[in-house]
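The values are calculated or read from the model by the stated rules, or taken from the named source; none is laboratory data. No experiment lies behind these values; they were computed from the predicted model shown. Heads up, the Cβs are rebuilt from the backbone with ideal geometry, glycines too, and the neighbour counts pull from every protein chain shown.
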């Protein structure tokens, strides 16, 4: 299993969220298993998105997909997102 942690600020949560929902096809194309979203207490436009994949290669392919960056930009992500890939250890 591999987990992709993405944290960033957004201009407008509602616009961002609608775009996030519409990107389900992109997540499915990379074989994600689950996702969860969080908003930072006291800063509701700071988002953490956690996506789980069956393996590191799927997670890395999603992370590195140029379409992901394009969509993030188009839905109001501000600045450079913090993106980290964690691989489950036995």
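Number of residues in region 1-59 that are surrounded by 12 or more Cβ atoms within 10 Å (Cβ to Cβ), under 19 Å from residue 78 (Cβ atoms) and touching a residue at least 60 places away in the same chain (Cβ under 8 Å) equals 8.
Residue 69 meets the conditions (1) modelled with pLDDT of 95 or more; (2) closer than 19 Å to residue 85 by Cα; (3) touching a strand residue (DSSP E or B) at 6+ places or on another chain (Cβ under 9 Å) in every case but one. The failed one is (1).
Could you list all residues from region 36-65 that are over 20 Å from residue 10 (Cβ atoms) and out of contact with any helix residue (DSSP H, G or I) (no Cβ under 6 Å at 6 or more places or on another chain)?
Taking region 36-65 first, the residues over 20 Å from residue 10 (Cβ atoms) are 52-61, 64.
Residues satisfying the conditions are 52, 54, 55, 56, 57, 58, 59, 60, 61, 64.
Per the conditions (1) free of Cβ contacts under 8 Å to residues at least 60 places away in the same chain; (2) over 14 Å from the mean Cα position of the chain (by Cα), the sole criterion not satisfied by residue 87 is (1).
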